[in-house]
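Enquirer: Structure incoming, see below.
The values are calculated or read from the model by the stated rules, or taken from the named source; none is laboratory data. Because the structure is predicted, anything quoted here is derived from the model rather than measured. Here Cβ is always computed from backbone atoms with ideal geometry, including for glycine, and neighbour counts include all displayed protein chains. Ligands, DNA and RNA are excluded from the accessible area calculation, which covers all protein heavy atoms including side chains. Shrake-Rupley method; radii C 1.70, N 1.55, O 1.52, S 1.80 Å.
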Amino acid sequence: MIKLKEHNIQVGLVFLLSAIVLTINLGQSPFFLEEPRRALVAIEMLFSGNYWVPTIHGEIYLNKPPAFNWLLAIGFQIFGMHEWVPRGITVISFLLMAFIMHRIGRQYLDERIVFLATCLFLVSSDILFYFSFLGEIDLFFSLISFLSIILIFHYGEQKKFWLLFLSVYFLSAIGFLTKGLPSLLFPFFSLLGYFIWKKDFKRLVSIQHIAGILVLIIIVGGYFYPYNQYADASVFIKNLWSESSNRTKEAGGIGEFLQHFISFPFSFVITMLPAGFMLLFLRKDSFSKIKAQPFLFFCLLMLLVNLPVYWISTGTRSRYLYMFYPFATLVLTSLYYQFPPTHSRIIWFKKVIYGLSWLILFLFLLALLPFVSIPKVFNLNGVLGFSIIVGLVFIVAQSKRKWSKMYLLIVMLLVVRGVYGWVLTESRVVDSNAATDKAIAIEMAKQVGEEKLSILAPSKISFTVSYYLEQQLGEIVPYSDEIIVNQYMIAESSLLNEEVIEKINSFEYQGETFLLFKAIED
């Protein structure tokens, strides 16, 4: 059996390597997907000085509450309007989830399970190779939601019910101000499930529970009261309800529902690979062994009471489930340790994992060969240096022969993520729609200079163009319902009579041609 010190070294190295690979070229590529929308709301708060009412181009934005934008605005104010600020929040949120999982889990479980599960969570395929690149809401929201759930057990087992309810509802309030109504589902189902399990129903109507709900009401109300001084809060709340309900339905008929219902368990496990491999160790007595360990059973219970909502919701995306990955990873990893190290299934599995580790590295390096001939995209010396350093660590680890082959797979996946992130971000700088949009925005901002710019409604331009325009100009670019003579404007060409305008620039977005122009006086 591996000693505690060995485990600490392994986990420490995985955390360190994770922090390195997740921050490689973090702020190099331009904002894309939903990133520019979040950043745009944040900089408009800075420009307007109004932190209560989120806006986009000066118009009220109703789809998300502002907590994440407040965080971005603080980051932009302190560090400048850099791309790494929102992406850094994503990385920190991810690492904090792993740290909390490790710190709390080791108090209640066999440390071998917690150590390996934490490392497996850090290489969850969907987060590691997709969402960890994005400065988006979901991992920050997942951190808040995961913490609110795990504290139910942590404080509940210590009988610290004031701390339990106050912390859960405080975090739920922060979650509500981050993503709206979905954050209210977690305390409802999780508290209900926990206290039914503990047969402590009276706790659900206790003064501590009422106090927790009051904390939620005070914090949320403390936001909507000043919001209502600027805009109609009821419209905002109705829109949050509508968005949440539409996403849970988002249906395309019974066929799409059945497809989602059948595929949900499989997609959930696949996005968690390599932790999903641990299902191979499921056996008849697994449930009874999990039930015998209170914290493990709590993890399983939280999955059982919370996941059904997403299972029947065709609008569910994998990023909505990240807060449950730590619980699922702990349960799955416990299956692996139900077998002795000398068991034939363990020996066979280690051999497969070892071979898979080298196969992944070989196939990945093979896939990189076409990029070597593009110097601007592939920094060969840097990548080789990084790979050699990590490779040496890998060889040293293997030479000890005490380290689990699973840890070797984890290290290999982190190496692949580091190189992948290096190449991907550099390629996005050179050749991507976001890079084109950023270049267009910077060029137009130079042409506009110190003059005013507005957008002719109902024209809708790329959020990437919008963000970089406002970032460069240092002010909100508002919508206008009419053409303003002798002022720079942007509009779809189909809305304009080109005979009475002076065309300055043009760009394409979603198949439409947009013009930067000035109207000519009659």
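Enquirer: Between A19 and K446, what FRET efficiency follows from the Cβ-Cβ distance if R0 is 41 Å, with the result rounded to 0.05?
Expert: 0.65
Enquirer: Sticking with this structure for a sec: Please compute the volume of the convex hull spanned by the alpha-carbon atoms of the range 163-252 and report it per residue in Å³.
Expert: Cα-based convex hull of the range 163-252, divided per residue, equals 101 Å³.
Enquirer: Follow-up question, since we're still on this one. Filter the trypsin sites (Lys or Arg not before Pro) in the range 267-370 down to the DSSP loop ones having no more than 15 other Cβ atoms within 10 Å, then list what survives.
Expert: R283, K284, R317
Enquirer: S480's amide H: which non-local residues (gap 5+, or another chain) put their own amide H closer than 5 Å, with H modeled 1.01 Å from N in plane and none for Pro or chain starts?
Expert: For S480, whose amide H was placed from the backbone, the distant partners under 5 Å are I455, L456, A457.
Enquirer: DSSP loop trypsin sites (Lys or Arg not before Pro) in the range 161-265 with at most 16 other Cβ atoms within 10 Å of their Cβ, which ones?
Expert: K198, K199
Enquirer: So if I restrict to the alpha-carbon atoms in the range 67-221, what is the Rg, and what is Dmax, the biggest pairwise distance, in Å?
Expert: Cα only, the range 67-221: 16.9, 52 Å (Rg, Dmax).
Enquirer: Taking 0.36 nm per residue of sequence separation and subtracting the Cα-Cα distance, how much length would be gained by fully extending the chain between R317 and F79, in nm to one decimal?
Expert: Result: 82.5 nm gained on full extension.
Enquirer: Compute the angle between helix 111-122 and the longest alpha-carbon principal axis of the chain, please, reported from 0 to 90 degrees and rounded to the nearest 10.
Expert: Approximately 20 degrees, to the nearest 10.
Enquirer: Separate question: Could you do me a favour and compute the accessible area per residue for the range 75-190, 1.4 Å probe, result in Å²?
Expert: It amounts to 31 Å² per residue over the range 75-190.
Enquirer: Run the dipole for the chain about the Cα centre, Lys and Arg Cβ at +1, Asp and Glu Cβ at -1, nothing else charged, and hand back the magnitude in debye, nearest 20.
Expert: Around 4020 debye, computed over the chain.
Enquirer: For the range 152-200, what does the convex hull of the Cα positions come to per residue, in cubic angstrom?
Expert: Spelled out: Cα convex hull of the range 152-200, divided by residues, is 57 Å³.
Enquirer: I would also like to ask the following. Taking the chain as the reference, fit the longest principal axis to its C-alpha atoms, fit the long axis of helix 207-230 to the helix C-alpha atoms, and give the angle between the two in degrees, 0 to 90, nearest 10.
Expert: Between the helix axis and the principal axis of the chain, the angle is about 10 degrees.
Enquirer: Using a Förster distance of 25 Å, how high is the FRET efficiency between I217 and S242, based on the Cβ-Cβ distance and rounded to 0.05?
Expert: Efficiency, from the Cβ-Cβ distance: 0.70.
Enquirer: Let me ask you something else. Kindly provide the helix-only [θ] at 222 nm of the chain, computed as the sum of -39,500 (n - 2.57) over DSSP H runs of four or more divided by all residues, to the nearest 500 deg cm²/dmol?
Expert: Only helices count here, giving -21500 deg cm²/dmol.
Enquirer: Here's a follow-up. Using only C-alpha positions, report the orientation-averaged shadow area of the convex hull of the range 322-368, nm², one decimal.
Expert: 4.6 nm²
Enquirer: While we're here: Between N50 and F364, what FRET efficiency comes out of the Förster formula 1/(1 + (r/R0)^6) with R0 = 60 Å and r the beta carbon distance, rounded to 0.05?
Expert: Once rounded, the FRET efficiency stands at 0.80.
Enquirer: How many percent of the alpha carbon pairs in the chain exceed a separation of 37 Å?
Expert: 38 percent
Enquirer: So, one more: So which aspartates and glutamates pass the test for K289, namely a Cα distance under 15 Å, with those fewer than 8 places away in the same chain ruled out?
Expert: Excluding near neighbours in sequence, the set is D110.
Enquirer: Count neighbours as other Cβ atoms within 10 Å of each site's Cβ, and list the trypsin sites (Lys or Arg not before Pro) in the range 1-102 that are DSSP loop with at most 14 such neighbours.
Expert: K3
Enquirer: Cα atoms only: what Rg and Dmax, in Å, come out for the range 90-169?
Expert: 13.7, 40
Enquirer: With every protein chain left in place, what is the accessible area per residue of the range 256-368 in square angstrom, probe 1.4 Å?
Expert: Normalised by residue count, the accessible surface of the range 256-368 is 48 Å².
Enquirer: As a test of understanding, state the convex hull volume per residue of the range 419-522 from its alpha carbons, in Å³.
Expert: Cα-based convex hull of the range 419-522, divided per residue, equals 100 Å³.
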